[in-house]
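Reading through the structure tokens given below for one structure.
Nothing in this text is a laboratory measurement; each read-out follows from the coordinates by a stated rule. Not measured: the values here are computed from a predicted model. No Cβ is skipped: glycine too gets one built from the backbone with ideal geometry, and neighbour counts run over all protein chains shown.
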Number of protein chains: 2
Amino acid sequence: MDKPIGIFDSGLGGLTVLKEVRNVLPFENIVYFGDTKRVPYGSKSKEDIIKYTFEAIDFLISKNVKVIVIACNTATAISLDLAQKKYDIPIIGVIKSGSKSVVSKTKNKVVGVIGTTATINSNSYVENIKELDKSIKVFQKACPLFVPIVEEGFSKTDVAKETAKIYLKDLINKDIDTLVLGCTHYPLLKDSIKYVVGEKINLVDPAKETSITLRDVLIKKNILNKKSKNGICEYFVSDNPEKFSLIAKDLLGIEDIKVFG
Amino acid sequence: MDKPIGIFDSGLGGLTVLKEVRNVLPFENIVYFGDTKRVPYGSKSKEDIIKYTFEAIDFLISKNVKVIVIACNTATAISLDLAQKKYDIPIIGVIKSGSKSVVSKTKNKVVGVIGTTATINSNSYVENIKELDKSIKVFQKACPLFVPIVEEGFSKTDVAKETAKIYLKDLINKDIDTLVLGCTHYPLLKDSIKYVVGEKINLVDPAKETSITLRDVLIKKNILNKKSKNGICEYFVSDNPEKFSLIAKDLLGIEDIKVFG
């Protein structure tokens, strides 16, 4: 079935998920929607986050998608359950997959989770991880400045490093061996985070596990694209397509990207 | 007249204006409203900024204020004219006063303006400065990350300095002798900005001139508080009163601050 996969994020962070999806499912067509006008979601109220998520889903459905990936931890934490109840189309989040990943990777069973204020306050990661393994200790830290830093294109500057130093100090002291990047923007800060936490702490990006979950859903529902031609990606944003295009090109390493405002 | 002055900002930046108002008008009572739930305004649409400004004004009017200071450059740039048309109560912005200040201070007639994306795109400072002196050259730069940095309490960290380095590089190269802090949050970053631009560039904070404009309006309308007892300040925010209280105490150097959520 050559109907596209819909991927939605509050901004450009979801591109890290899109990248993994393209690796795992190269023949699928994709429609990406980044709500760049209202980013960051992480400091907004529950009501607003739910409203924005539903609007994004409606938009993707209007683009005739066959499945939706909420590639935003905040939107997943606050609205995935509600969205799955409201819509008939299959909808996948990123937190279950991320939790699975961290449980398989930790050795000392002490892990850290970083995310937006809304994601951390929701306790979603803690609950999902504990459901898989009660004995794991989970320490959390909200990092509200990380998303604006990424959206501003400052991921590779000393601004990112200095911010990471402040946010991650306490978690490092807790002796965690694994750290979940609980926001799809954060893999873009990987170098700065790695620089601060060092080589001993494993960074978990839920994107990879999410694409595998997505593939399994497509197989189970029998809606895989059976063609063997590389899929097409279309990008839509609610604000500032030029900036999005610039960062997307750099991130995805492609030249021919068309972004619709 | 002991009815209070209403001061409104998108977050805690307006406290820099409140501080000046208290210096100039110590006997006045003040009601402060910080829209901390929806900060930053600077990256929002015009429609949203106007809506939020009107809601804030309605709230302050419900607190029985006699005059309103829009202590937010973004809200001033986008909605002051509309607000002055809609409401009978006197309403004062910060941009006219800031422009007056910069015109009186520049010697080489080359000035810089920094502000939020919305303030810079509105061209308000350029127009107001040119109206006072056509021969002045104005260079602008939007600094969208500065507000989140202040709201996060990172004003005095290396994060602020590194961000200032990136944003201000081009303006310094333009040989400006005066720089307008065109956002009420920015005076809180004064040390970091000073560190980057050096001693030769004059920093202009519109807050002082705004309080003098305010005093003149109170005199002209004959609504000065004639009592000689220090005024009382009440603080209201739309989100996270604890964080606001912490930063406000530090900024205003007072202990007894009550913030209503």
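Extending each Cα 7 Å along its Cβ direction at B:Asn23 and B:Ser135, get the distance between those two points in nm, one decimal. Calculated label separation equals 3.1 nm. Ratio of Rg to Rh for the protein assembly as shown: 1.01 [Cα atoms; Kirkwood radius as inverse mean 1/r over pairs].
Within region A:229-261, the trypsin sites (Lys or Arg not before Pro) that combine a DSSP coil assignment with at most 15 other C-beta atoms in a 10 angstrom radius are A:Lys229, A:Lys258. Averaged over peptide B:146-155, the number of partner chain Cβ atoms lying within 10 Å of each residue's Cβ comes to 3. Applying the criteria of a DSSP loop state and at most 11 other Cβ atoms within 10 Å to the trypsin sites (Lys or Arg not before Pro) of region A:1-107 yields A:Lys107. The residues A:Thr116, B:Thr178, B:Thr184, when put in order of fewest to most other Cβ atoms within 10 Å, stand as B:Thr178, A:Thr116, B:Thr184.
The slack between A:Asn222 and A:Phe54, meaning 0.36 nm per residue of separation minus the straight C-alpha distance, is 57.9 nm.
Against chain A, whose longest principal axis is taken from its Cα atoms, helix A:158-173 shows a tilt of about 60°.
Return the Rg/Rh ratio of region B:132-235 with Cα-based radii and a Kirkwood Rh.
1.08
Each of B:Lys109 and B:Glu234 was given a label point 7 Å from its Cα along the Cα-to-Cβ line. The distance between the two points is 5.0 nm. Within the listed set B:Val94, B:Val39, B:Val113, the residue fluctuating most in the Gaussian network model of chain B (springs between alpha-carbon atoms under 10 angstrom) is B:Val39. Length available on full extension from A:Asp177 to A:Asp158: 0.36 nm per residue minus the Cα-Cα distance, which gives 4.4 nm. Taking the C-alpha atoms only, the angle from helix A:15-24 to the longest principal axis of chain A is near 70 degrees.
Across the copies of the chain, B:Asp177 has label points (7 Å from Cα along Cα→Cβ) spaced 6.5 nm apart, shortest distance listed first. Taking Cα atoms only, the orientation of helix A:73-86 departs from the longest principal axis of chain A by about 50 degrees. For chain B, a Gaussian network of Cα nodes joined below 10 Å ranks B:Tyr195, B:Tyr125, B:Tyr41 by mean-square fluctuation, and the top entry is B:Tyr195.
May I ask which residue of B:Phe8, B:Thr116, B:Tyr52 lies farthest towards the positive end of the charge dipole of region B:1-141, with charges of +1 (Lys, Arg) and -1 (Asp, Glu) on Cβ and the Cα centre as origin? Result: B:Thr116. Here the spin labels are modelled as points 7 Å beyond Cα on the Cα-Cβ line, and at A:Arg215 and A:Glu47 they lie 4.3 nm apart.
Where nothing but the Cβ of Lys and Arg (+1) and of Asp and Glu (-1) is charged, how large is the charge dipole of region B:76-225 around its Cα centre, in debye to the nearest 20? Walk me through the numbers before you get to the answer.
Working: 23 positive and 17 negative charges, 86 e Å.
My answer is approximately 420 debye.
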